[in-house]
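Student: Structure provided below as structure tokens; questions to follow.
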Amino acid sequence: MTLINLHNIIVKKYSYKESKLEKLTERQKKVLECIVKLQEEQNSSPSIIEICQRLGIRSTNGVAGHIKALIRKGYIEKTSKARSIKLTNKAREFFSLPTSNQSNFVPLLGLIPAGPPVLSEAQIEKMIPIPPELNSEGVYALKVVGDSMIEDGIFDGDIIIVNTKIIPKPGDIIVALVNDEVTVKRYYPRNNTIELKPSNRKMSSIYVSPNSLKIQGVVIGLQRYYK
């Protein structure tokens, strides 16, 4: 399986074209500009509470109303996921942001629960951008801890992109729960047992029964930030 290496996205300074935003109210312009600034600062999609705090607005209902207006006018999109506000190409053009390779945002989980991944806000550290061709229902990101997969080019601190809807094939890299501990290994089913094989010659495989293994998804991409 070929991993897709994602590039760090650097958002340039922006300025909006006033004439192009004439269909927005002053408050809607401020909310939209706030979303752009927060996404640049955090490299993640802001929450409504964060927008309220930045603008000094007490009522989340007020901001939610402006969000709905911006969606209706085609400047942003929002899914049912937490922290999922996304700028459309229309808004990006106005703020001189890149649009040709526009990214989607997926949740970076701080932990994997004992069971199927649940994308609740409590488990989400932040939202991170990935290319739209990788994003679909059931996709999340996870930070790698350890060096068990270094021979596959996956290093400590890397962020892997994981799809929970893909059924793993022999040799796929998976995220799994074994005794409620998260591990990233290559998947090899063998008769009545499953081999979880590291990509590090200094480490040994883990052998588990199918009943004790909870597969949390197949790794489909890799993201690395250089400091």
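The values are calculated or read from the model by the stated rules, or taken from the named source; none is laboratory data. Just so you know, these numbers come straight off a predicted model, no measurement behind them. Virtual Cβ from ideal backbone geometry, glycine too; neighbours counted across all protein chains shown.
Student: One residue is enough: does the stretch 10-26 have a residue meeting the conditions of a type in the set (A, V, I, L, M), assigned to a helix (DSSP H, G or I) and modelled with pLDDT of 80 or more?
Tutor: No, the stretch 10-26 contains no residue that is of a type in the set (A, V, I, L, M), assigned to a helix (DSSP H, G or I) and modelled with pLDDT of 80 or more.
Student: Go through the stretch 41-56 and count every residue that is crowded, with 16+ Cβ neighbours inside 10 Å and under 21 Å from the mean Cα position of the chain (by Cα).
Tutor: Within the stretch 41-56, residues that are crowded, with 16+ Cβ neighbours inside 10 Å and under 21 Å from the mean Cα position of the chain (by Cα) number 8.
Student: As an exercise: evaluate E137 against (1) under 15 Å from the mean Cα position of the chain (by Cα); (2) outside any loop (DSSP other than H, G, I, E, B) and give the number of the one condition it does not meet.
Tutor: (2)
Student: What's the number of the only condition in (1) out of contact with any Leu (no Cβ under 9 Å at 6 or more places or on another chain); (2) under 20 Å from V106 (Cβ atoms) that S199 fails to meet?
Tutor: Among (1) out of contact with any Leu (no Cβ under 9 Å at 6 or more places or on another chain); (2) under 20 Å from V106 (Cβ atoms), S199 violates only (2).
Student: Can I ask one more? May I ask you to list pairs of residues, at least six apart or on different chains, whose Cβ atoms are under 6 Å apart, with the first in the stretch 208-226 being under 19 Å from I166 (Cα atoms) and the second being exposed (fewer than 12 other Cβ atoms within 10 Å of the Cβ) and not aromatic (F, W, Y)?
Tutor: From residues that are under 19 Å from I166 (Cα atoms), the pairs are L222/N5.
Student: Output the residue which, of all residues in the stretch 84-110 that are modelled with pLDDT of 80 or more and in a loop (DSSP other than H, G, I, E, B), is nearest to I35 (Cα to Cα).
Tutor: Ranking the candidates gives I85 first.
Student: Under 8 Å between Cβ atoms, at least 6 apart or on separate chains: pull out the pairs that start in the stretch 40-51 with a residue that is assigned to a helix (DSSP H, G or I) and end on any residue that is of a type in the set (K, R).
Tutor: Q42/K126
Student: Give me a count of the residues in the stretch 57-82 that are touching a helix residue (DSSP H, G or I) at 6+ places or on another chain (Cβ under 7 Å), surrounded by 13 or more Cβ atoms within 10 Å (Cβ to Cβ) and part of a loop (DSSP other than H, G, I, E, B).
Tutor: Final tally of qualifying residues: 4.
Student: Another question, if that's okay. Restricting to the stretch 132-168, name every residue that is within 14 Å of G221 (Cβ to Cβ), touching a Ser or Thr at 6+ places or on another chain (Cβ under 9 Å) and among the hydroxyl-bearing types (S, T, Y).
Tutor: Y140
Student: Among the residues of the stretch 172-200, write down those that are loosely packed, with under 11 Cβ neighbours inside 10 Å and either within 18 Å of I159 (Cα to Cα) or modelled with pLDDT of 95 or more (or both).
Tutor: Matches in the stretch 172-200: E181 only.
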